Amino acid sequence: MVPASPIDRLLEYSLARQIKDRALEMGFSLVGIAPAQPAARRQYLKEWLDQGRAGEMAYLAKRFEERVDPAAYFPGAATVICVAMNYYYPLEEDTSSSHPARVARYALGNDYHQMIKERLFALADWIRQKAPEAQTRCGVDTAPIMEKDLAMRAGIGWIGKNSCLINPRIGSWLLLGEIITTLALPTDEPETDHCGTCRACIDACPTGAITAPYELDATRCISYLTIEHRGPIDPSLQKQMGNWLYGCDICQDVCPHNRKTPCATDPRFLPRFRSGTLDAEQVMQWDTSAYQSILRGSAMKRVKLPMLQRNARIVLNNERAAQDEQSK
Ligand code: B12
């Protein structure tokens, strides 16, 4: 390959700068560029899958070679433009519900898949106007790629001991998306790890899902159990699920890097349940039309009503057990 001339390099730098400025103008909170090269920890993913740590998420084992290498997923890819959106809004005290059931912050507003995808498509269109030779492919959550690993290599943040992607300024209340492209853009430096000796997340996880720093056993993670695990839940894990109805934020709530998170700017992330909770008793009364109308356009619809009511029943059981414990 003919090395790029100094003029070409200059043009690439200016195009990369223009793309980043455009991404921030469009409302993304963070943007960075990573090389479309294989993930450093493909072996870790292989062993993680072989150990059954993905539980019922069989899709994670499919298209393995593509998942660990964006250039295998999108032939001809040279770089990956990674974006992140801050979804953090402060929550109000829960005074109304007598059976509060918590919902993870990322699912309190509108469904992020739709929002981020729309914006990525618009950015990709803009890039192709600027560079007609460019080919692009957008991805948010469901594409067979390792988004956190790419975001780390793009300098957006580091992967913390809770295995979340954490940015030094915003923390981990971030949702990720990518544009894989054939454009050879200059790439950013990976972010360094700022976890240090802290182990707040490891100690706070009630199910011990973070089995070692940076290593999460998804089959014990409350987020997995409430969203991805369709079968019956081990009774001992049920007791440790507390009042989580959908997802779990415990390992992020305790993270010191989330203490100064600036408020999100996109109103579509505004919590539709201002206290971040629903009433578990009411959820048990929901019929399909209540479920459809209350969760219209929400990421919570990934879980069908029977499974949501399974989770609500666990919340009510744990609440009753806690009251019995107190009354002893
Ligand atoms: C499968 C999945 C899950 C699973 C498994 C989680 C996991 N840690 O993998 C479950 C259902 C549990 C889950 C939960 C959540 N998820 Co999720 N999930 C995914 C998905 C689809 C794939 C992730 C994956 O490949 N996991 C495979 C395992 C092996 O990867 P890993 O555990 O991260 O392991 C890496 C590190 O630990 C690191 N590592 C390993 N050893 C070491 C050692 C050292 C020293 C270091 C530095 C690193 C390191 O290397 C590994 C490979 O990169 C991504 C979207 C995508 N396509 O990437 C979204 C994604 C990661 N999830 C996301 C979110 C928002 C969440 C939740 C916060 C939602 C919630 N509140 O309930 C929780 C957070 C739970 C947690 N602590 O991770 C966001 C990212 C948020 C962030 N800032 O990190 C993503 C990117 C979706 C999106 N597009 O925004 N998720």
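The values are calculated or read from the model by the stated rules, or taken from the named source; none is laboratory data. What you are looking at is a predicted structure, and each value in this text was computed from that prediction instead of being measured. We place every Cβ from the backbone using ideal geometry, glycine too, and count neighbours over all the protein chains shown. With ligands, DNA and RNA removed, areas are computed over all heavy atoms of the protein, side chains included. Shrake-Rupley method; radii C 1.70, N 1.55, O 1.52, S 1.80 Å.
Pick out, in residue order, every one of the GluC sites (Glu not before Pro) in the stretch 1-68 that is DSSP loop and has at most 14 other C-beta atoms within 10 Å; say none if there are none.
GLU56
What does the highest-first list of 244-257, 272-285 look like by mean Cβ count within 10 Å?
For the peptides 244-257, 272-285, the packing ranking is 244-257, 272-285.
Exceeding 19 Å between C-alpha atoms, which entries from my cross-link table qualify? They are LYS20/LYS130; LYS161/LYS304; LYS20/LYS260.
Exceeds cut-off: LYS161/LYS304; LYS20/LYS260.
Enumerate the lysines that LYS62 could reach by cross-link, defined here as Cα to Cα under 19 Å, with residues fewer than 8 away along the same chain left out.
By straight Cα distance, LYS62 reaches LYS46, LYS148.
Pull up the DSSP beta bridges for the chain and report the antiparallel fraction as a percent, rounded to 5.
Here the antiparallel bridges make up roughly 95 percent for the chain.
Would you report the distance distribution of C-alpha pairs in the chain as whole percents per 20 angstrom bin, up to the bin with the largest distance?
Histogram of Cα-Cα distances, whole percents per bin: 29, 57, 13, 1.
Using a Förster distance of 41 Å, how high is the FRET efficiency between ARG230 and THR192, based on the Cβ-Cβ distance and rounded to 0.05?
Calculated value: 0.60.
Which ³J(HN,Hα) values, rounded to whole Hz and listed in residue order, are derived for the stretch 96-105 from phi using the Karplus coefficients 6.51, -1.76 and 1.60 in 6.51 cos²θ - 1.76 cosθ + 1.60 with θ = phi - 60°, glycine and proline given as x?
7, 7, 8, 10, x, 10, 7, 10, 4, 3
Report the trypsin sites (Lys or Arg not before Pro) located in the stretch 122-209 that are in a DSSP loop and have at most 16 other Cβ atoms inside 10 Å of their Cβ, or state none.
ARG169, ARG199
Tell me the label-point distance for the pair ARG296, SER327, using the 7 Å Cα-to-Cβ offset, in nm and rounded to one decimal.
Using points 7 Å along Cα→Cβ, the separation is 4.1 nm.
Provide the per-residue ³J(HN,Hα) series for the stretch 178-184, in order, calculated from phi with Karplus coefficients 6.51, -1.76, 1.60 and θ = phi - 60°, each as a whole number of Hz, with x at glycine and proline positions.
Couplings: 9, 10, 8, 9, 7, 5, 8 Hz.
Suppose all protein chains stay in the model; what accessible area per residue would a 1.4 Å probe give for the chain, in Å²?
48 Å²
Less than 15 Å apart at the alpha-carbon level, and either on another chain or at least 8 residues along: which aspartates and glutamates does that give for LYS239?
Output for LYS239: GLU319, ASP324, GLU325.
Are there cysteines in the chain with no second cysteine's Cβ under 4.7 Å away, and if so, which?
Cysteines of the chain left without a disulfide-compatible partner: CYS82, CYS138, CYS164, CYS195, CYS198, CYS205, CYS221, CYS248, CYS255, CYS263.
Test of understanding: what is the full-extension gain from GLN129 to MET57, defined as 0.36 nm times their sequence separation minus their Cα-Cα distance?
Fully extending the segment from GLN129 to MET57 adds 22.1 nm.
Whenever you get a sec, line up ARG42, ARG119 from highest to lowest accessible area (probe 1.4 Å, protein heavy atoms).
ARG42, ARG119
Quickly estimate the mean residue ellipticity at 222 nm for the chain, helices only: each DSSP H run with n ≥ 4 gives -39500 (n - 2.57), and the total goes over all residues, rounded to 500.
One gets -10500 deg cm²/dmol as the mean residue ellipticity at 222 nm.
Relative contact order of the stretch 82-182, please, whole-number percent, based on alpha carbon pairs below 8 angstrom and at least 6 residues apart.
41 percent
Can you check how the C-alpha radius of gyration of the stretch 174-328 compares to 2.2 N^0.38 Å, as a plain ratio?
Scaled against compact globular proteins, the figure is 1.25.
Considering every Cα-Cα pair within the stretch 36-131, what fraction, in whole percent, is farther apart than 16 Å?
74 percent
How far apart, in nm, are the 7 Å Cα→Cβ label points at LEU305 and GLN114?
2.0 nm
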